[in-house]
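Below: the structure, in structure tokens.
The values are calculated or read from the model by the stated rules, or taken from the named source; none is laboratory data. Here the structure is a predicted model, which means the values were calculated and not measured. Because the Cβ atoms are built from the backbone with ideal geometry, glycine has one as well, and the counts that use them run over all protein chains shown. Ligands, DNA and RNA are stripped out before the accessible areas are found, and what is left, the full protein with its side chains, is counted by its heavy atoms. Shrake-Rupley method; radii C 1.70, N 1.55, O 1.52, S 1.80 Å.
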Amino acid sequence: MRGFFISVEGSDGSGKSTQIRKIEEYLRKMKQEVLLTREPGGTTISEKIRELLLDPSNKGMAAKTEMLLYAAARAQHVEEFIVPNLEQGKNILTDRFTDSSIAYQGFGREMGEVVAEVNRMATGGLLPDITFYLELPPEEGIARKKTEINHKLDRLELEKQEFHQKVYHGYKELCHMHAQRIMKIDASQDIETVFAQIQAGLDRLFGF
Ligand code: TYD
């Protein structure tokens, strides 16, 4: 049987990494094999593209270049890692997927519909079976990130508040459009409350 494909989305500083660790632990406890990966990244080539994308010195990167590079990293990730593993029956847990491009490049950079089209081509139409979106207003997310010791803000995190507002709005639209697939969770709640909701989604998906 094909594995399940799970993605986690959230604005910067929404507690995504903590919840991803908890999902992984829970699935292992339930005797499910799960491979953890991230975007941009997940393969050697995609990780090289990631460096280009996040480097704060690439201030001059055009919006089109940025959108195509995220899609290029994703195409490699899907073809080399995600699809072959799903076909072998492994479950995949990814830190971000296409929804990020629609929110950040489609809404944040105002590139619109073309982002979904390019990504349909890049992924062959692959979508997660379930997406957990950790919602947090952007001013709270960035404030949390800044208090992390030694956290250097990347090129996207350095964007103006207005950009992050547009991304936030983009995720709201995505939640409306894909109400069946995306589970929106209020990330301002404590870690265990957030995870309880995620667990309910996992239990439904896996039939635990
Ligand atoms: P990362 O260090 O993974 O940040 P986070 O902990 O917030 O996930 O950096 C990924 C950055 O790239 C993040 O700011 C969101 C952005 N991004 C896009 O703009 N488009 C995309 O398609 C993806 C996958 C990420």
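Numbers for the structure displayed
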item	result
Test: A179 is of a type in the set (G, A, S) and touching a residue at least 12 places away in the same chain (Cβ under 8 Å)	no
Single residue of the range 43-83 satisfying the filter (open to solvent by less than 50 Å² (accessible area, probe 1.4 Å) and among the polar types (S, T, N, Q)) that is nearest to the ligand (Cβ to nearest atom)	S46
Inter-residue pairs, beta-carbon under 9 Å, first on the phi > 0 side of the Ramachandran plot and in the range 14-40, second in a helix (DSSP H, G or I) and modelled with pLDDT of 95 or more, 6+ apart	G15/I191; G15/V194
Tally, over the range 89-117, of residues that are in contact (Cβ under 8 Å) with a residue 40 or more places away in the chain, of a type outside the set (D, E, K, R) and within 22 Å of K160 (Cβ to Cβ)	10
Close pairs from the range 76-87: first closer than 16 Å to S46 by Cα, partner modelled with pLDDT of 95 or more and assigned to a helix (DSSP H, G or I), Cβ under 6 Å, at least 6 apart	Q76/I45; Q76/S46; H77/S46; V78/T123
Lone unmet requirement of (1) assigned to a helix (DSSP H, G or I); (2) within 17 Å of the chain's Cα centre (by Cα); (3) in contact (Cβ under 8 Å) with a residue 40 or more places away in the chain for R50	(3)
Condition broken by L153, with the remaining ones in (1) in contact with a helix residue (DSSP H, G or I) (Cβ under 9 Å, 6 or more places away or on another chain); (2) modelled with pLDDT of 95 or more satisfied	(2)
Single unsatisfied condition, M1 versus (1) in contact with a Phe, Trp or Tyr (Cβ under 9 Å, 6 or more places away or on another chain); (2) away from the ligand (no atom under 13 Å from the Cβ)	(1)
Residue selected from the range 19-41 under the condition within 13 Å of the ligand (Cβ to nearest atom) and of a type in the set (S, T, N, Q), by the criterion nearest to D190 (Cα to Cα)	Q19
Wholly enclosed strands (runs of 3 or more DSSP E) of the range 90-206 bearing at least 3 residues within 17 Å of S7 (Cα to Cα), open to solvent by less than 10 Å² (accessible area, probe 1.4 Å) and within 16 Å of the ligand (Cβ to nearest atom)	91-95, 130-135
